[in-house]
Amino acid sequence: MPIPWSLERPSIHGFIESQIRDGRIGGSDNDVELPDEAMIRDAQSLGWVAGGQDGVFAHHGSGGIEEKSAAAVFDALSAALSKATESNLRALYDLLCEDDLIGYIDPLIERIHQTSPSPDTLPPDRLHSLARWLALNAPDRGPVKFAVAMLGLVEVESEEDRALLQTLGQHEEFTLYVAVAIRNRSEDWERDLFELAKQVTGWGRIQIVERLAETKDPEIKAWILREGFRNAVMYEYLAYIAATVGGLADELRKPEPDDALLRAAGEILEALVDSGGPAEDMDDYAEGAEATELFLQHMEKRARELEDFLAVELLRRFVTDEEADWNARQSKGWTPDRRSRISALADAVVNRPEWREKALEGISAEDDKAFWQARKVAEALGIDTWEDSFRRQESGTGDTWFNLMQTEDPERIDRVIRLAKLQIPLHEVGTGPGEELGLGEEFKHHSALDWIVQDLGRFPGQGWDLIQVALRSPVVRNRTMAIRALSGWGQDCWPEEARGFLEAAEEREPDDEVKEAIRRLLDGQPLEF
């Protein structure tokens, strides 16, 4: 077949295959950028983690024109299968490179199924050949995703196809499509998905575990409960599945559950309590009240680590929230008596004297996670950690700008402003207004400024020079936060030169919404964002 891409570009399959070390892509970190990433970044204003765009759209809706896109791709596919000419393949390939398959894959598959009785329209053998060819050789992610989806439709079971899918599925960008293909065509699809789920940690794991939610396999259920719910996106996506499929309450009824189970139980219950998340929460979990009480009964004797404290404290706050509708929750076991018992168990844990010493010890740790946990515990115990956060930021061992701004002390804010001027290269931030989103490592200084400026509205007159830089930033959010800060000050507290500076900023502002906000600010009107 004529090749509709530059021969100088490497195939995605070959690239992924070359990156697999120790049984997984990228070794331990599972974070490998695909060779077409630079082209994707140039074409999109919003950056995504691997599999993020498809994952978000699959869970929360894409809002695309699905039927129109499906019809266009179907026609191009039919033409390419009828005659694999250079022009036909190029037309199909160009459509697939738009990489919006997630928005139209369902209506496309429906069209294909409707024509399946007519092999003249979409010959299965030619579709299989085209799909394998693209999956093995294409250098762009859109055509590879399409190829994987098509391999899932063809009733051909071969070890070569299985190996191909397993290789591509190890990169999170393709795991969703590989999971669907395996589910459609593999006789032992649960075990195949299980093996793949252990190789991915982000959106790919979420997609696979969701498809294993009906499993009866004891090994898979145990893995989901103890490990499989953990992912690099949000535990909330899989916590309910882990609790129900894994039998969390049954495991907690055992007299002596192991430490790994208790650690997982705490994380799952924390995620379920985080109501308003992306999936089912504690109100959906029929055994949630019992599981919570059982967990705290074990924690009364076995809570040792700071993360144990944080899990117990969150559950204590949940069960003592007087604004919640506990009448509606009584049918799920949240009776007044049980809530009282849960509260007493939690109090017994969090009131232990040793937590203070553990928190103070953890605050001095170099590890970011250890410091974060210790600071949260210290705050729950009423310990002021501001100076610790300041020393950490001052020494360059951590990023604590947000923490430092959580104070009502103007003198502390003065210290933050002075430190910011030393550590943030303001001349690199205030390069002129643009329409950047400010994502990624290249905007780390813009993000640091954002954490500071967003809270300056509570401190009239402090940090005007930082606000000036933010108003000249190419990142839209920096300028938005600066406008909000000045609104919080009130015009009586503006420096003498502020009005002229804002008028000049309005003149050069490229974003219509921000431009309107500056005008409202100058006119003394309330902001609308």
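Derivation of every value follows stated rules applied to the coordinates shown; laboratory data play no part. Keep in mind it's a predicted model, so treat the numbers as computed, not measured. Ideal geometry is used to build each Cβ from the backbone, glycine not excepted, and the neighbour counts take in all protein chains shown.
Some values worked out for this structure:
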quantity	calculated
Which of Trp334, Val377, Ala359, positive extreme of dipole for the range 311-408 (C-beta unit charges)	Trp334
Cβ charges +1 (Lys, Arg) and -1 (Asp, Glu), total dipole of the range 218-352, debye	380
Two-site label geometry, Asn327 and Leu422: point separation in nm, points 7 Å out along Cα→Cβ	5.8
Tensor-based shape of the range 152-298 (alpha-carbon gyration tensor, a/c under 1.5 rounded, otherwise prolate or oblate)	prolate
Amide H contacts under 5 Å for Ile20, placed H, 5+ residues apart	Gly26
Sorted peptide list for 521-527, 163-169, criterion being average Cβ within 10 angstrom, highest first	163-169, 521-527
Estimated dipole of the chain in Debye, rounded to 20 [Cβ of Lys and Arg +1, of Asp and Glu -1, Cα centre]	420
Residue-span extension gain [Asn184 to Glu305] - 0.36 nm each, minus C-alpha spacing	39.2 nm
Normalised contact order of the chain, rounded percent, pairs of Cα under 8 Å and 6 or more residues apart	8
Three-way shape call for the range 421-522 based on the alpha-carbon gyration tensor, with the a/c threshold at 1.5	oblate
Ranked by how many other beta carbons lie within 10 Å on average, peptides 202-213, 320-331, 69-80, 182-193 from highest	202-213, 69-80, 182-193, 320-331
Relative contact order for the range 287-344, counting Cα pairs under 8 Å that sit 6 or more residues apart, in percent	53
For the chain: rounded, prolate or oblate by the Cα gyration tensor [a/c cutoff 1.5]	oblate
Cross-link pairs beyond the 27 Å C-alpha cut-off, checked among Lys358/Lys444; Lys221/Lys376; Lys254/Lys376; Lys369/Lys444	Lys358/Lys444; Lys221/Lys376; Lys254/Lys376
